[in-house]
Amino acid sequence: MSLVLFNDLTRKKETFTPIKPGHVSFYSCGPTVYDFFHIGNARPFIVFDVLRRWLEHEGYKVTFVQNFTDIDDKMIHRAHREGITVPELAEKFIAEYNKDADALGIRRPDVAPRATEHIPEIIATIERIIANGHAYESNGDVYFDIQSWPKYGSLCKQNLEDLEAGARVEPGEGKRDPLDFALWKAEKTGEPSWESPWGKGRPGWHIECSAMSSKYLGDNIDIHSGGVDLMFPHHENEAAQSEAASGSGKPFVNYWLHNGFLLIDSEKMAKSLGNFVTARDALKRYPPLAIRFFMLSAHYRSPINFSHESLEQSAAGVERLRNCRSDLDFAAKTRNGSSDFDVSKYRSQLDELHTKFTEAMNDDFNTAAALGVLFDVVYLINTSLKENETLPEDFFTLSKNALDEYDSILGVIGSDDAETENDDESAEIERLIQERAEARKAKNFARSDEIRDSLKSRGIVLEDTPQGTKWKREL
């Protein structure tokens, strides 16, 4: 089965065919760096990270671009409030974004452009739009001329009359139409500004993404993603101005993808409701892998409800996955030997599950179904461990390869190797486990308990088995 994606431009699933065979140009809207990103933003960052991983797994060369919006009204107001410059604010929260994104297993983009570093490209894009007859200057501002663009509304599937019914002209604005949007904003006192053919000013929000995506990916790109709340006006405006600037007649984007809303206790997240949660706060309360697992536990286009109960369930799911891998690693050391285990049959079972996993991921990257297959693999491994005292080397190799492959795509198990790469610490833990075993043998239970409690305080959990004591880090 070939990869099919639900294209919001056509409102149907379509077989994915890249513009350039073997290559994928992929633009995803990044954060406005005036604060910590909220847990709702974490959803598109995580789910489209998985799509990127899947495309690479399937052999595509992916160029993934995710921007930083480092100049807009929110940036300016926050910087003034804190008594720092806008660039200083941007540096602070770009670093904080990377810290939280890294914790959630979100891979860094191939290119992470900042709007303020692309002012010449933004100005050149606006100049092309004006030259092509789709924008006009008014008192130092430049607006996109909606009436000149008959396709406007094709992404959000609304006509101009319906859109205009909900719009209004702000006092003093020099717009010709209520829906005309700013490409360039004239300088205001106390705001950052740059020289332009229309006087000093700064770019509008939408034009930033158009200029940066075209610079790094070209005028016609394969995939553009973001939250459903960005479909209008941000992505609608992006499409209009990008195509107006290129004048090529080609679509700006071939496949538009949007994830559904994240709800907080069954309500849409909003500061006015007091249910606004940053990713940083969520990470203080829940393990990063549990948050990532939760985001992938529903289809990306469906709404999903963020609650304590759902995160606890996700944490339990991650724990089951990690326990399987831990049990497998321990058994490989203690129960690897001659066996009448049917490796051929086991390989066939894994192959059948691999086919199901591939079908799930190729069906509009259905991560919920893919997670279900991963748990089927875990069940198969656990059953084999339970029913066989010893197992051949091929069993362990096949099992580890399966878990590693699926985790390279979903990223919900994590790597104990990365967590225990300090050889000195690992050796110390093993020494304490041996000392505890000797204390138990000598019936010195006080010392045995002391070692267990000391390791637990460091996040190391011990489990006694017939084959010996194994250890793992708490989730």
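The values are calculated or read from the model by the stated rules, or taken from the named source; none is laboratory data. The model shown is predicted, which means the values in this text are computed figures rather than measured ones. Glycine also receives a Cβ, built like all others from the backbone with ideal geometry; neighbour counts cover every protein chain displayed. Note: accessible area is taken over every heavy atom of the protein model, side chains too, but ligands, DNA and RNA are not part of it. Shrake-Rupley method; radii C 1.70, N 1.55, O 1.52, S 1.80 Å.
Can you tell me, using C-alpha contacts under 8 Å and at least 6 residues apart, the relative contact order of the chain as a whole percent?
Over the chain, the number comes to 16 percent.
Taking a ≥ b ≥ c as the square roots of the Cα gyration tensor eigenvalues, with a/c under 1.5 meaning rounded and otherwise prolate when a/b beats b/c, else oblate, which class fits the chain?
Details: a/c = 2.83, a/b = 1.93, b/c = 1.47.
Prolate.
Nearest 10 degrees is fine. How inclined is helix 423-441 to the longest principal axis of the chain, computing both from alpha carbons?
30
If you count only protein heavy atoms and use a 1.4 Å probe, how large is the accessible surface of Lys61, to the nearest 10 Å²?
120
When all C-alpha to C-alpha distances in the range 199-348 are sorted into bins of 10 Å, what percent of pairs does each bin hold, rounded to whole numbers?
Percent of Cα pairs in each bin: 9, 24, 21, 22, 15, 8, 2, 0, 0.
Compute the FRET efficiency between Glu56 and Ala112 as 1/(1 + (r/R0)^6), taking r as their Cβ-Cβ distance and R0 = 22 Å, and round to the nearest 0.05. Let's see the in-between values first.
On the way: r = 18 Å, r/R0 = 0.80.
Result of the calculation: an efficiency of 0.80.
Is the shape of the range 71-128 best called rounded, prolate or oblate, per the rule: a/c under 1.5 gives rounded, else a/b larger than b/c gives prolate, else oblate, with a ≥ b ≥ c the square roots of the Cα gyration tensor eigenvalues?
Because a/c hits 1.5 or more and a/b fails to exceed b/c, the range 71-128 counts as oblate.
Using alpha carbons only, how many angstrom separate the centre of the range 318-381 from the centre of the range 23-93?
What the calculation gives is 34 Å, centre to centre.
Just to be sure I understand the model, the point goes 7 Å from the Cα along the line to the Cβ. What's the resulting Ser339 to Asn382 distance in nm?
1.7
Using each residue's phi in the range 119-126, evaluate 6.51 cos²θ - 1.76 cosθ + 1.60 at θ = phi - 60° and report the 3J(HN,Hα) Karplus result to the nearest Hz, with x for Gly and Pro.
Going residue by residue, I get 4, x, 5, 5, 4, 5, 5, 4 Hz, with x marking Gly and Pro.
Provide the gained length on full extension for the span Glu359 to Asn132, in nm with one decimal, where the gain is 0.36 nm per separating residue minus the Cα-Cα distance.
Details: separation 227, 0.36 × 227 = 81.72 nm, distance 4.47 nm.
Full extension from Glu359 to Asn132 adds 77.2 nm.
Between the helical axis of 343-362 and the dominant principal axis of the chain, each derived from Cα atoms, what acute angle in degrees is found, rounded to the nearest 10?
Relative to the chain, helix 343-362 is tipped by roughly 20 degrees.
Just to make sure I understand: if all protein chains stay in place, what is the order of His308, His77 by accessible area at 1.4 Å, largest first?
Sorted descending by solvent-accessible area, the residues read His77, His308.
Which percent, nearest 5, of DSSP beta bridges in the range 211-292 are antiparallel? Intermediate results must be reported in sequence, preceding the final value.
Working: 2 of 8 bridges.
DSSP beta bridges in the range 211-292 are roughly 25 percent antiparallel.
What Kirkwood Rh does the range 320-403 have if only Cα atoms enter the pairwise 1/r average? Answer in Å. Working shown, then result.
Values: mean 1/r = 0.0756 Å⁻¹.
About 13.2 Å, per the Kirkwood formula over Cα pairs.
From the residues Leu89, Phe252, Trp194, which one has its Cα farthest along the dipole of the chain in the positive direction, the dipole being from +1 and -1 charges on Cβ of Lys/Arg and Asp/Glu about the Cα centre?
The listed residue farthest towards the positive side: Leu89.
Just how much of Met269 is accessible, in Å², when a 1.4 Å probe is used and the result is rounded to the nearest 10?
30
Using +1 at the C-beta of Lys and Arg and -1 at the C-beta of Asp and Glu, which of His224, Cys209, His235 has the Cα lying farthest in the positive direction of the dipole of the range 197-241?
Cys209
Roughly how much of Arg440 is accessible, in Å² to the nearest 10, using a 1.4 Å probe?
Solvent-accessible area, nearest 10 Å²: 100 Å².
Show me the three semi-axes of the equivalent ellipsoid for the range 102-154, from the C-alpha gyration tensor (sqrt of 5 times each eigenvalue), largest first, rounded to whole Å.
32, 16, 10
Can you tell me the orientation of helix 308-334 relative to the chain, as the angle in degrees between its alpha-carbon axis and the longest Cα principal axis, to the nearest 10?
Compared with the principal axis, the helix lies near 50 degrees.
Sort all Cα-Cα distances of the range 198-282 into consecutive 10 angstrom bins from zero, then give the percent of pairs in each bin up to the one containing the longest distance.
15, 38, 25, 19, 4
In Å, what is the Rg of the alpha-carbon atoms in the range 63-181, and how long is Dmax?
Over the range 63-181's Cα set, Rg and Dmax evaluate to 18.2, 47 Å.
Give the ranking of Arg11, Arg81, Arg202 by solvent-accessible surface, highest area first, calculated with a 1.4 Å probe.
From most exposed to least exposed: Arg81, Arg11, Arg202.
Rounded to a whole number, what % of the accessible area of the chain do carbon and sulfur atoms account for, probe 1.4 Å? Could the numbers behind the result be given before it?
Working: 10350 of 21560 Å².
Of all accessible area on the chain, carbon and sulfur atoms account for 48 percent.
Pairs of Cα atoms under 8 Å, at least six residues apart: use those to get the relative contact order of the range 277-419, whole percent.
33
Apply the a/c threshold of 1.5 to the C-alpha gyration tensor of the range 276-319 and tell me whether it is rounded, prolate or oblate.
Oblate, since a/c reaches 1.5 and b/c is not below a/b.
Which order, highest average first, do 88-95, 322-329 follow once you tally other Cβ atoms within 10 Å for each residue and take the mean per peptide?
Output ranking for 88-95, 322-329: 322-329, 88-95.
Under the 0.36 nm per residue contour assumption, what length would be gained going from the current alpha-carbon distance of Ser302 and Lys188 to full extension?
Residue separation times 0.36 nm, minus the Cα-Cα distance, leaves 36.9 nm.
If you take the Cα Rg of the range 1-80 and divide it by 2.2 N^0.38 Å, with N the number of residues, what do you get?
Here the answer is 1.38, to two decimals.
Below 14 angstrom from the Cβ of Phe341, what's the summed charge of the other residues (Lys, Arg +1; Asp, Glu -1)? Before the final figure, lay out the partial values.
Details: positive: Arg335, Lys345, Arg347, Lys386; negative: Asp340, Asp342, Glu387, Glu389, Glu393, Asp394.
Every neighbour counted, the sum reads -2.
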